[in-house]
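One structure below.
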Amino acid sequence: MISKNLEKAINEQIKLEEQSSRIYMAMASWCEVNGLAGAAKFLYAHSDEERDHMLKFVHFLNDRGGHAQLQELEAPGHSWNSLEELFKSVLDHERYVTSKINDLVDICLEEKDHTTNSFLQWFVTEQIEEESLAQEIVDKIKLVGESKGGNFHLDMFLSGLAQAEAGA
Ligand code: OFO
């Protein structure tokens, strides 16, 4: 049985994962209307992945005697000045998500809730990948700069990442 304190904190995390899914969908939509098909594909796939994260929390909380409850969400942004700005926002957002996962682990340790701690370790590992992938994309965007050919290949690279994520 999960504590009321953790139930509340996990419901906040459910909100954050759902919000993440909407943020990445809004980013995907902006890329799609700006001729960045590969980036759009990657971000749509990433949006789906965030929904999966949300569902993992929903099922876990309900299985442990809590009640997953959805909350009102803020509207995400709709436009960005550049792909670099957009992916820097992804990186900042993922760092924030990591900090919230770490906060959840802290509560588990205080409460000696080993079951929830064990469940959260999947997310601890996942956040290493999430941050590292966002950083890699930001680095590549900086590398290609204004080069048209470089940006074409970058978009292909992002499309390939989307395919790899879908097959993972
Ligand atoms: Fe759910 O990991 Fe990204 O936000």
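Taking segment 89-98 as the range and being touching an Asp or Glu at 6+ places or on another chain (Cβ under 8 Å) and either open to solvent by 60 Å² or more (accessible area, probe 1.4 Å) or at pLDDT below 95 (or both) as the test, only Arg95 passes. Only a single criterion out of (1) more than 16 Å from the ligand (Cβ to nearest atom); (2) open to solvent by 30 Å² or more (accessible area, probe 1.4 Å); (3) under 30 Å from His153 (Cα atoms); (4) not β-branched (Val, Ile, Thr) is not satisfied by Asp106, namely (3).
Would a scan of segment 114-134 turn up a residue that is within 16 Å of the ligand (Cβ to nearest atom), touching a Leu at 6+ places or on another chain (Cβ under 6 Å) and closer than 16 Å to Gln13 by Cα? Scanning segment 114-134, I find at least one residue that is within 16 Å of the ligand (Cβ to nearest atom), touching a Leu at 6+ places or on another chain (Cβ under 6 Å) and closer than 16 Å to Gln13 by Cα, so the answer is yes. Filtering segment 78-88 to residues that are open to solvent by less than 60 Å² (accessible area, probe 1.4 Å) and free of Cβ contacts under 8 Å to residues at least 24 places away in the same chain leaves only Ser82. Taken over segment 90-119, residues that are in contact (Cβ under 8 Å) with a residue 40 or more places away in the chain and among the polar types (S, T, N, Q) amount to 2. State yes or no: is Lys100 farther than 25 Å from Cys31 by Cβ, of a type outside the set (A, V, I, L, M) and within 13 Å of the ligand (Cβ to nearest atom)? So Lys100 fits the description; yes. In segment 44-52, is there at least one residue being farther than 20 Å from Asp155 by Cβ, in contact with a helix residue (DSSP H, G or I) (Cβ under 8 Å, 6 or more places away or on another chain) and not small (Gly, Ala, Ser)? Checked against the condition, which is being farther than 20 Å from Asp155 by Cβ, in contact with a helix residue (DSSP H, G or I) (Cβ under 8 Å, 6 or more places away or on another chain) and not small (Gly, Ala, Ser), segment 44-52 yields at least one hit.
Restricted to segment 1-15, and to residues there that are closer than 15 Å to His59 by Cα and part of a loop (DSSP other than H, G, I, E, B), the residue that is least open to solvent (accessible area, probe 1.4 Å) is Ile2.
The values are calculated or read from the model by the stated rules, or taken from the named source; none is laboratory data. Just so it is clear, the model here is predicted, and its values are computed rather than measured. All Cβ positions, even for glycine, are placed from backbone atoms using ideal geometry, and neighbour counts span all protein chains on display. The area values use the complete protein model at the heavy-atom level, side chains included, leaving out ligands, DNA and RNA. Shrake-Rupley method; radii C 1.70, N 1.55, O 1.52, S 1.80 Å.
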